[in-house]
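Asks: My structure is below; once you've seen it, I'll send some questions.
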Amino acid sequence: MPFVRDILNYRSLSIVGLDKNTGKTVCLNYILRRLNSLGIPVGVTSIGVDGEQVDSVFATAKPEITLYEGMRFITSEQHYLKRQLLSVLEHVDSRRTALGPLVTARVLLRGKALLSGAATTGVLRDQIQLLDSMGSRLAIVDGALSRLSLASPTVTEAMVLATGAAVSASVKQLVARTLFQYRLICLDEVDRDLRPRLSTIESGLWGIDDDGQPHDLGIASVFLIGRSDTDLLRYGTTLFAAGAVSDRLLRTLAAKAKGITLIARDFTKLFISPEAYNDFLRRDGRLMVLQRTRLIAVTLNPTSPQGFVLDSDATCHALADALQTPVYDVMKINPPQ
Amino acid sequence: MKIRELVKQDPGFQYVIDSMELMSSAGRRAMLDTDFFVDPGALEAEWNRSDSAIDATLDSGNRRAYNDLRHCLMQLHDLQGTLAALASHTTLNEVELFEIKNLALLAGKASTAIASLGLAEALPMPVVADVFALLDPDRTGIANFYIYDSYDPRLAPLRRELRSLQEHEGDPLRIGELLAEQNDIQNSVCTALSDRLLPFCHDLSTVMEQMAYADFLLAKAELSLRWHLVRPRLGDHTAFTALFNPRLRDNNERLGLRYQPVDIDVASGVTLVTGANMAGKTVLLKTIGTAQLMAQCGMRVPAEAAVLMPVEGVVASIGDEQNEMNGLSSYASEIIKISDILQRMRRERLLVLIDEPARTTNPVEGKALVQAIIKLMEPMSSVTLITTHYGQLGSRCRRLRVRGFVEDMADVPLTPQNINRFIDYSLAEDTGDDVPHEALRIAAILGCDEELISLAHSNINQ
């Protein structure tokens, strides 16, 4: 069976959908079933509220998450009380969410549950730590709509990217959007010796000199960069953006000089459009990251929430050709029950 | 009045409360709900409990019990809502029952630690072992909880069948039936357990509140030791030796500036405080106010030694009270406030702190007002401190003068940045009726416009 063995090299994994209804939950169910048959103790949680029985945007039926004996899961009190499995409560968090406190339980008798989780990556990190301390070999985080932040390598070590017909009805567009995200996820990492010098910097735009030393360029927010007339290249053409990277930053830099290298913290800090990125590349620009997320697999959900179905084989092939990496149809590896 | 309201009146006291390192939200709530003690007996009793917490913190032989207690408090959840629900005959759900079990478990561990720390008298804890036993039918001894098979004879066979069906991907309809049946049984168990827990409701509330209070006591003890606070003794006047303002001292330390504690002794009646600008008169008033609040909320005070006369409240008119939203000028809101204070003083014994009254109106009427304020407040039982720049008041009251600017106090050249090093903040009894005339001298040191200063000088000499 594809890619599950690769997951076992990591302590935490996020499942991120490129859009809603891209088959995240189906993918998660597949992974949990496989890990159960391998006898691996895993913990599962989610960011934000997800795992609703009925998808709240399109009102389509949504597969619940099936959890097996010995697995731990974190969810809100309200979702816990609705579970269709037998489990023993092991921890209740003192912080409250809109759906009550987050609870941690161990499954005694398999069944289905709704997952909801931390609203912030800080709390999510605590939850992953908690699962780890309770003996889970791997913590899996189910992503929520447009929550890319959980896939940051500072939160989870590895990720699975789910794409599908929900992203676009056109295979060409679907491939283009998936490819763009894939390229950002796979950006090269900076040299090992440069990383510790930059990772503690919390904000601002920094110039990196020939000796690899960072210097603050005195720009508090990259969103203000258009108004600044500071010489951004006074320390050379390598820059580090500690916060978000925007189209405006890319375009400003592309306009200043050719051959600029811009380092971002990780791909979740990139809020850029394909157009701006391509303009930057045409000026011989290069984007890099401090830390790269390990992408384990790309999965495809060929069915869109509106009901039309893409040709699975053709789409998988088109994606695999563009990405140069295997792409799996989640419906085939995990047939709907 | 509770700490919750008092911190809103005094930013200095807010700083003290914010500096308390509590481990639980229940502890924080207990702290904010603490009363301002007026009764001397109750105040002594609270100081005694605080002292026993300090002794327990310092007792190095009891490190383990101390850490055990802290560990319990860190895990304490505020179950006020759950216990109120239980008391009103609501059926608790599995998560709430887990919380109750956890509380009972923590209470048992905390009681042991409290006893070996010698705090049993300060923190009497009811025994809730029966609650734990009820929620731990299989005697696991740990906090984990679910509706155990042993709660209902129907559960074990049902779950056996369910397990067999789930593992062999059996009939989904039958699985659905069994899940629904299990759900019904679990709900009836929750109802039965809630009924059996009802008699323990009061004891459970008590252990939670005692643990919350223990959190507050330990935080008080830790702050007392960190800031070197002192326990006051009760008296018929209020006196501080080496009184310091925690917020200002911390701030000065951060900036590398000198901080000078002061001695002060005040009693019923008016004490007029005079002194040059920048001499710390306002800070002195604020510090005394904060110290009185700390003391009467059962804390130690920021001084080397202290005598305290308990009052019924601390009231202040300090700083710019201008409230443009009410359409009031700074003078209007100040004089209304002072008038309100006067009304209260006719009924209660207060600590009254008034900073430069009537400074924003014309000096003729302003001076007359200050004279009237002093005359009315002087015979009252309240302890009143008033700062002023008005001289020749002719009022009968005690006077203290901040020694103030001393040109040869430090052996470095005087600059606007280091002027703080040339001020002696200590107080001296003043028998005269005049005030220091140093406003122009200080303006000159601060490097203000020379023409302005020399013109002002010539105006005085005319």
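Asks: Which one of A:Ile263, A:Pro274, A:Leu205 has its Cα pushed farthest toward the positive end of the charge dipole of segment A:195-289, where Lys and Arg give +1 and Asp and Glu give -1 at the Cβ?
Replies: The listed residue farthest towards the positive side: A:Pro274.
Asks: For chain A, with equal point scatterers placed on the C-alpha atoms only and solvent neglected, what are the log10 I(q)/I(0) values from the Debye formula at q = 0.11 1/Å, to two decimals?
Replies: These q points yield log10 I(q)/I(0) values of -0.75.
Asks: Sticking with this structure for a sec: Are any of the pairs A:Lys20/A:Lys256; A:Lys20/A:Lys269; B:Lys8/B:Lys109; B:Lys2/B:Lys286; A:Lys24/B:Lys101 more than 30 Å apart by Cα-Cα distance, and if so, which?
Replies: A:Lys20/A:Lys256; B:Lys8/B:Lys109; A:Lys24/B:Lys101
Asks: A further question on this structure: Amide H of B:Leu308: which non-local residues (sequence gap of 5 or more, or other chain) have their own amide H closer than 5 Å, using H built in the peptide plane?
Replies: Those lying under 5 Å, H to H, from B:Leu308 are B:Arg233, B:Leu234, B:Gly235, B:Ala239.
Asks: So what's segment B:21-162 giving for Rg/Rh, alpha carbon basis, Kirkwood Rh from the mean inverse pair distance?
Replies: Computed over Cα atoms, the ratio is 1.07.
Asks: Residue by residue, what Karplus-based ³J(HN,Hα) values in Hz, rounded to whole numbers, does segment A:171-185 have, using 6.51, -1.76 and 1.60 with θ = phi - 60° and x for Gly and Pro?
Replies: Rounded to whole hertz, the list is 4, 4, 5, 4, 5, 4, 5, 5, 4, 4, 4, 4, 5, 5, 5.
Asks: Amide H to amide H, which residues 5 or more places from A:Leu295 or on other chains are under 5 Å from it, using H placed in the peptide plane?
Replies: Under 5 Å from the amide H of A:Leu295: A:Met159.
Asks: Per the Kirkwood definition applied to all pairs of different Cα atoms, how many angstroms is the hydrodynamic radius of segment B:153-193?
Replies: Evaluated on segment B:153-193, it is 10.6 Å.
Asks: Also, quick follow-up: Could you tell me the center-to-center distance, by alpha carbons, between segment B:95-126 and segment B:156-225 in angstrom?
Replies: What the calculation gives is 19 Å, centre to centre.
Asks: If you plug each phi of segment B:24-37 into the Karplus form 6.51 cos²θ - 1.76 cosθ + 1.60 with θ = phi - 60°, what whole-Hz ³J(HN,Hα) values come out, in order, with x for Gly and Pro?
Replies: Whole-Hz 3J(HN,Hα) from phi for segment B:24-37: 9, 6, 5, x, 5, 5, 4, 4, 5, 8, 5, 7, 7, 7.
Asks: Another question about this same structure. Take segment A:195-289, drop everything but the C-alpha atoms, weight them equally and run the Debye formula without solvent; then report log10 I(q)/I(0) at 0.23, 0.25 Å⁻¹ to two decimals.
Replies: -1.28, -1.55
Asks: Can you work out D for segment B:181-288 in µm² s⁻¹ from Stokes-Einstein, where Rh is the Kirkwood radius over C-alpha pairs, the temperature is 4 °C and the viscosity is 1.567 mPa s?
Replies: 67
Asks: Using a/c under 1.5 as the rounded threshold, could you call segment B:341-386 rounded, prolate or oblate? The axes a ≥ b ≥ c are square roots of the C-alpha gyration tensor eigenvalues, and prolate needs a/b larger than b/c, oblate otherwise.
Replies: Prolate, since a/c reaches 1.5 and a/b exceeds b/c.
Asks: Please find the FRET efficiency linking A:Glu202 to B:Ala368, where r is the Cβ-Cβ separation and R0 is fixed at 60 Å, and quote it to the nearest 0.05.
Replies: 0.55
Asks: Provide, for q = 0.05, 0.08 Å⁻¹, the log10 of I(q)/I(0) from a solvent-free Debye sum over equal Cα point scatterers in the protein assembly as shown.
Replies: Rounded to two decimals, the profile gives -0.43, -0.95.
Asks: Just how many % of Cα pairs in segment B:228-461 lie over 24 Å apart, if you round to the nearest whole percent?
Replies: The share of Cα pairs beyond 24 Å in segment B:228-461 comes to 49 percent.
Asks: How much FRET efficiency would the formula 1/(1 + (r/R0)^6) give for B:Glu177 and B:Thr140, where r is the Cβ-Cβ distance and R0 is 30 Å, rounded to 0.05?
Replies: My answer for the efficiency is 0.50.
Asks: Ok, one more. Between A:Phe308 and A:Arg192, with labels modelled 7 Å along Cα→Cβ, what's the label distance in nm to one decimal, could you check?
Replies: Here the modelled spin labels are 5.0 nm apart.
Asks: Antiparallel DSSP bridges in the protein assembly as shown: what percent, to the nearest 5?
Replies: 40
Asks: Another question about this same structure. Counting only DSSP beta bridges with both residues in segment B:228-461, tell me the antiparallel percent, nearest 5.
Replies: For segment B:228-461, the DSSP antiparallel bridge percentage is about 40.
Asks: Let me spell out the model: positive unit charges on the Cβ of Lys and Arg, negative unit charges on the Cβ of Asp and Glu, origin at the Cα centre of the protein assembly as shown. What dipole size does that give, in debye rounded to 20?
Replies: Using Cβ point charges on Lys, Arg, Asp and Glu, the protein assembly as shown gives about 1540 debye.
Asks: Same structure, new question: Summing both sides, how much accessible area is buried between A and B? Use a 1.4 Å probe and give Å² to the nearest 100.
Replies: 1700
Asks: From the residues B:Thr206, B:Phe98, B:Ile54, which one has its Cα farthest along the dipole of chain B in the positive direction, the dipole being from +1 and -1 charges on Cβ of Lys/Arg and Asp/Glu about the Cα centre?
Replies: B:Ile54
Asks: How well do other chains shield peptide A:89-96, expressed as the mean number of their Cβ atoms within 10 Å of each residue Cβ?
Replies: If you average over the peptide's residues, the count of other-chain Cβ atoms is 5.
Asks: Right, something else. Taking the Cα-to-Cβ direction at B:Ala45 and at A:Ala320 and moving 7 Å from each Cα, how far apart do the two end points lie in nm?
Replies: Here the modelled spin labels are 8.0 nm apart.
Asks: Quick one: work out the % antiparallel among DSSP beta bridges in segment A:201-332, nearest 5.
Replies: That works out to approximately 40 percent antiparallel.
Asks: Under a crude label model (7 Å from the Cα following the beta-carbon direction), how far is B:Ser188 from B:Asn461 in nanometres?
Replies: For B:Ser188 paired with B:Asn461, the spin-label model returns 10.4 nm.
Asks: On full extension of the chain, what length is gained from B:Ser150 through B:Gln343, given 0.36 nm per residue of separation minus the C-alpha to C-alpha distance?
Replies: Gain on stretching B:Ser150 to B:Gln343: 62.7 nm.
Asks: How many partner chain Cβ atoms sit within 10 Å of a residue's Cβ in peptide B:95-106, on average, as a whole number?
Replies: Taking all residues of B:95-106 together, the mean is 3.
Asks: Something else about it: Let me spell out the model: positive unit charges on the Cβ of Lys and Arg, negative unit charges on the Cβ of Asp and Glu, origin at the Cα centre of segment A:195-289. What dipole size does that give, in debye rounded to 20?
Replies: 200
Asks: I'd like the carbon and sulfur percentage of the solvent accessible area for segment A:195-289, probe radius 1.4 Å, heavy atoms only, ligands and nucleic acids excluded.
Replies: So the carbon and sulfur contribution to the accessible surface is 47 percent.
Asks: Only Cα pairs within less than 10 Å get springs; with that Gaussian network setup on chain A, which residue of A:Ser133, A:Ser203, A:Ser46 has the largest fluctuation?
Replies: It is A:Ser133.
Asks: Quantify how strongly other chains surround peptide B:161-172 by giving the mean number of their Cβ atoms within 10 Å of each of its Cβ atoms.
Replies: Mean inter-chain Cβ contacts per residue within 10 Å come to 2.
Asks: Separate question: May I ask for the equivalent-ellipsoid semi-axes of chain B, computed as the square root of five times each C-alpha gyration tensor eigenvalue and listed largest first in whole Å?
Replies: Here the semi-axes work out to 61, 23, 22 Å.
Asks: Dividing the convex hull volume of the Cα atoms of segment B:333-456 by its residue count, what figure in Å³ per residue is obtained?
Replies: Expressed per residue, the convex hull around the Cα atoms of segment B:333-456 is 143 Å³.
Asks: Okay, next question. Using a simple charge model, +1 on the beta-carbon of Lys and Arg, -1 on the beta-carbon of Asp and Glu, nothing else, what dipole does segment B:413-462 show about its Cα centre, in debye to the nearest 20?
Replies: Magnitude of the dipole: close to 260 debye.
Asks: Pairs of alpha-carbon atoms within less than 8 angstrom and 6+ residues apart define the contacts here; what relative contact order does chain A have, in percent?
Replies: 20
Asks: Once the Cβ-Cβ distance between B:Val307 and B:Cys448 is put in as r, and R0 is 56 Å, what FRET efficiency do you end up with, to the nearest 0.05?
Replies: 0.85
The values are calculated or read from the model by the stated rules, or taken from the named source; none is laboratory data. As the structure is a computational prediction, the values presented were derived from the model and not from experiment. All Cβ positions, glycine included, derive from the backbone under ideal geometry; neighbour counts span all protein chains shown. These area figures cover heavy atoms from the full protein model, side chains too; ligands, DNA and RNA do not enter into them. Shrake-Rupley method; radii C 1.70, N 1.55, O 1.52, S 1.80 Å.
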